[in-house]
Amino acid sequence: MPRPMRRDAARNRDRLLQEAAAVLTEQGLSGSLEEVARRAGVSIGTLYNHFPNRDALIDALVPQRVAELDEFAERAAAEPDSWIALSEFVENMLSRFTADRALFEAFTVEHPATSGLVQACSRGMTGLSAVLDRARRDGVLRADATDLDVVNLMWALSLLGESVGSPAWRRSLTFVLDGLRAR
C-alpha cells in the first residue's frame, strides 16, 4: 500500500496541476513545463517528481476536460429539440476550443496524443456523432452533411476564434449552422 503524500507535496502537486492547466490552455500541448513550475513556485525537478513526463502531466488534466465534454453531450441529449441540441453542442465545443488551446490541439492537430487525450477526443466525437445522428433522424440536418464535414467546420471556426477572437466565430457560427440546416 503506497504511503500517503505529505501535505506540502500534495499542495505542490495541486499547484502544479492548476498552473499546468493554465499554461497548456494558453500555450497548447507543447506549453513550457518550466513555466508551469515557475508559476507553481517549485523547481522543474519537483514537477518531474510528480509527473515523470509531459504525457503524465497532460493525462492528469484530462478528467476535467472529459467531464466537460460529457456534460455537453448530456445537456444535448436532454434537450427535446434536436436542432437546438446540435446548435448548443457545437457552440459549447467551440467555446471550449477557443478558450483552451490544448483541447483544440488535441482534437485538431497531429500531436502525439497521450492515452488520456485519445479518450477525451473519442468521447467528444462520440457525443458529437450522437447529436448529429439524432438531428439526421429528425430531418433537421442536411442529409449530405457528414460528421467529418461538421468537424471540419468546427475546426475552421476554432481557427477564426483563435486568430481574431470570440465575436468573429460566434457570428460566423450562425451562418454555418444555417448552411447545415435541412430546408
* Residues Gly41, Gly45: which one is at positive phi and either open to solvent by 40 Å² or more (accessible area, probe 1.4 Å) or out of contact with any Leu (no Cβ under 9 Å at 6 or more places or on another chain) (or both)? -> Gly41
* Asked: List, please: which pairs have Cβ atoms under 7 Å, are six or more places apart or on different chains, and start with a residue in the range 73-84 that is at positive phi and without any contact (Cβ under 8 Å) to a residue 40 or more places away in the chain and end with one that is part of a helix (DSSP H, G or I) and surrounded by 13 or more Cβ atoms within 10 Å (Cβ to Cβ)?
  -> none
* So which residues in the range 55-67 are surrounded by fewer than 17 Cβ atoms within 10 Å (Cβ to Cβ) and of a type outside the set (A, V, I, L, M, F, W, C)? -> Asp55, Pro63, Gln64
* Asked: Looking at (1) at pLDDT 90 or above; (2) of a type in the set (Asp, Glu); (3) open to solvent by less than 20 Å² (accessible area, probe 1.4 Å), which is the only condition Glu34 fails?
  -> (3)
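The values are calculated or read from the model by the stated rules, or taken from the named source; none is laboratory data. What you see is a predicted model; the values in this text were computed from it and never measured. As a convention, Cβ positions derive from the backbone with ideal geometry for all residues, glycine included, and neighbour counts pool all protein chains shown. The protein model used for the area step is the full one, side chains on, heavy atoms only, and it has no ligands, DNA or RNA in it. Shrake-Rupley method; radii C 1.70, N 1.55, O 1.52, S 1.80 Å.
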